[in-house]
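**Q** Structure below; questions to follow.
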Amino acid sequence: MITQPELRQRGLMLFNQLYGNGAGEALRQDMADICPDFTDITIEWAMGGIMSREGLAPITRELVVIASCVTLGHPVPQLKAHTQAALNAGASRTQIIETILQMLFYAGGAAVRNALVHIQEIVNAPPEDKK
């Protein structure tokens with residue numbers, strides 16, 4: 001059984017790898033006045049407990065989350081963050097666009113179009129600007 005401190009350490013390592021060093025602290029500050037527990041849940045449970053599991057590569061996990069964001073239609077900040085995380089994990093621009101395009105018949109044309117517009121700046125940035 002993995003302990004809570006181990007989940008936190010594993011979660012923080014993956015969080016920083018995918019979103020950049022300091023991302024955990026930025027999330028903590030963002031949630032400090034409304035729900036500090038959200039940060040702990042995200043780092044320990046979502047990142048340390050789910051996203052770092054064996055069985056799916058980080059690229060695949062990020063593409064699945066991108067598809068989920070497209071299907072939901074409204075989590076724009078999360079769509080952008082997971083698009084950047086997918087790139088940081090090694091996904092290609094084509095893989096990200098194809099993942100979004102795949103959602104056309106499941107999420108609808110408007111959701112796909114909006115997602116493509118929202119990620120355009122991220123996937124079209126020069127390589128040195130993508131991290």
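The values are calculated or read from the model by the stated rules, or taken from the named source; none is laboratory data. In this text the structure is predicted, and so the values were computed from the model without any measurement. All Cβ positions, glycine included, derive from the backbone under ideal geometry; neighbour counts span all protein chains shown. Ligands, DNA and RNA are stripped out before the accessible areas are found, and what is left, the full protein with its side chains, is counted by its heavy atoms. Shrake-Rupley method; radii C 1.70, N 1.55, O 1.52, S 1.80 Å.
**Q** Just to verify a result, which residue in segment 1-28, among those that are farther than 21 Å from Asn88 by Cβ and among the polar types (S, T, N, Q), is surrounded by the most Cβ atoms within 10 Å (Cβ to Cβ)?
**A** Step by step, filter segment 1-28, then rank; the result is Gln4.
Results for (1) within 28 Å of Met1 (Cα to Cα); (2) touching an Asp or Glu at 6+ places or on another chain (Cβ under 7 Å); (3) part of a helix (DSSP H, G or I), shown as yes or no for each residue.
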position: Ile50; (1), (2), (3): yes, no, yes
position: Glu54; (1), (2), (3): yes, no, no
position: Val65; (1), (2), (3): yes, no, yes
position: Gln84; (1), (2), (3): no, no, yes
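**Q** Filter segment 90-100 down to residues that are assigned to a helix (DSSP H, G or I) and surrounded by 13 or more Cβ atoms within 10 Å (Cβ to Cβ), then give me how many there are.
**A** 6
**Q** Of Ala32, Ala46, Ala67, which residue is among the small types (Gly, Ala, Ser), more than 14 Å from Asn88 (Cα to Cα) and touching a Gly at 6+ places or on another chain (Cβ under 8 Å)?
**A** The unique qualifying residue is Ala46.
**Q** Here is a further query. For residues that are over 19 Å from Pro127 (Cβ atoms) and open to solvent by 30 Å² or more (accessible area, probe 1.4 Å), tally how many sit in segment 65-81.
**A** 9
**Q** Mind listing whichever residues of segment 27-81 are among the acidic types (Asp, Glu) and more than 10 Å from the chain's Cα centre (by Cα)?
**A** Correct list: Asp30, Asp33, Asp37, Asp40, Glu44, Glu54.
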